Amino acid sequence: MNDTKTSHKAEIYDSQIRSTIPYYDSIHHETINLVKSMVDDPQLWLDTGCGTGTLAEKASEEFPNTRFLLADPSQGMLDEARSKLSSNSKINFLGNLTSEEIDFPQKLDVITAIQSHHYMDKDGRVKSVKNCYNLLKHHGIYVTFENTRPFTKAGVEFAKNYWRNFQLAQGKNSEDVEAHLARFDVEYFPLTVEEHRSLLEDTGFRIVELLWFSYMQAGFYCVK
């Protein structure tokens, strides 16, 4: 089931995403390590676009006193996450929601959005990031990783070929790889690193920093 624009079926998402996004597990580890270095004991952590719940599963082991809230626009992803995490009492599901639609009565300490917003158009992305900002408490932390656009047309082609070679080396067949790369600017709409920074700064975050960059993915952390 892939009821959002992701090309990965929910039931095999974890295996497919690792052969598509370079350093996927490292992105999760670095997100967790970053939060550890910035917040001693967060009470509430929202993972929006949670997928099958892998990040929350890992983070819950490192933050025993934290309550995790999960949301995803794909019902299939949520079903997989619920199946995987049903015995974890620290994890609560907000439902089949986009980042823009999420509401919660308490202000949050941490919000993560990992590969969640690049399917949106400009207006949807602005509204989603703004809602995440509004959900955070003062000094709250927002961490996001997204696909990015190189600065030049030639750079886009070089980066696509670089990404193509990674996926082929992971065992994906060439037809699937080409279908994935063809989605660029058709089914997902990446921003440059500078456009990401501007969006986050314009949203109101007082601190915006680049955390990670590799292939065509970048990670940022922000403080409200």
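The values are calculated or read from the model by the stated rules, or taken from the named source; none is laboratory data. Bear in mind the structure is a predicted one, so any value in this text is a computation, not a measurement. Please note: Cβ atoms are built from the backbone with ideal geometry, for glycine as well, and neighbour counts cover all protein chains shown.
Hey, can you tell me all the residues within segment 42-52 that are surrounded by 20 or more Cβ atoms within 10 Å (Cβ to Cβ) and not in a strand (DSSP E or B)? Don't jump to the end; show me each part of the working.
Step one: list which residues in segment 42-52 are surrounded by 20 or more Cβ atoms within 10 Å (Cβ to Cβ), which gives 42, 44-52.
Result: 42, 49, 50, 51, 52.
If you check residue 163 against the conditions, is it more than 22 Å from residue 129 (Cα to Cα), touching a helix residue (DSSP H, G or I) at 6+ places or on another chain (Cβ under 8 Å), modelled with pLDDT of 95 or more and surrounded by 13 or more Cβ atoms within 10 Å (Cβ to Cβ)?
Criteria met by residue 163.
Could you list, in sequence order, all residues of segment 53-91 that are in a helix (DSSP H, G or I), of a type in the set (A, V, I, L, M, F, W, C), touching a Phe, Trp or Tyr at 6+ places or on another chain (Cβ under 8 Å) and closer than 21 Å to residue 107 by Cα?
56, 59
Filter segment 176-199 for residues that are crowded, with 18+ Cβ neighbours inside 10 Å, part of a helix (DSSP H, G or I) and among the aliphatic types (A, V, I, L, M) and give the result.
Correct list: 177, 199.
Name the single residue, out of those in segment 55-87 being of a type in the set (S, T, N, Q) and more than 15 Å from residue 44 (Cα to Cα), that is surrounded by the fewest Cβ atoms within 10 Å (Cβ to Cβ). Working first, answer last.
If we filter segment 55-87 for residues that are of a type in the set (S, T, N, Q), which is where we start, we get 60, 65-66, 74-75, 83, 86-87.
Filter once more, keeping what is more than 15 Å from residue 44 (Cα to Cα): 74-75, 83, 86-87.
Working: 74: 23, 75: 14, 83: 12, 86: 10, 87: 6.
Once the filter is applied, the top-ranked residue is 87.
Among the candidates 99, 116, 86, which residue alone is more than 17 Å from the chain's Cα centre (by Cα) and among the hydroxyl-bearing types (Ser, Thr, Tyr)?
So the residue among 99, 116, 86 that is more than 17 Å from the chain's Cα centre (by Cα) and among the hydroxyl-bearing types (Ser, Thr, Tyr) is 86.
Can you work out which of the residues in segment 107-149 that are in a helix (DSSP H, G or I) and β-branched (Val, Ile, Thr) is surrounded by the fewest Cβ atoms within 10 Å (Cβ to Cβ)? Break it down into steps so the answer makes sense when it comes.
Of segment 107-149, the ones in a helix (DSSP H, G or I) are 122-135.
Remaining after also requiring β-branched (Val, Ile, Thr): 126, 129.
On the way: 126: 16, 129: 26.
If we take residues in segment 107-149 being in a helix (DSSP H, G or I) and β-branched (Val, Ile, Thr), then 126 is surrounded by the fewest Cβ atoms within 10 Å (Cβ to Cβ).
Can you name the condition, by its number, that residue 208 falls short on among (1) without any contact (Cβ under 8 Å) to a residue 24 or more places away in the chain; (2) assigned to a helix (DSSP H, G or I); (3) surrounded by 15 or more Cβ atoms within 10 Å (Cβ to Cβ)?
Every listed condition holds for residue 208 apart from (2).
Could you check residue 78 against (1) out of contact with any His (no Cβ under 8 Å at 6 or more places or on another chain); (2) under 18 Å from residue 210 (Cβ atoms) and say which number it fails?
Among (1) out of contact with any His (no Cβ under 8 Å at 6 or more places or on another chain); (2) under 18 Å from residue 210 (Cβ atoms), residue 78 violates only (2).
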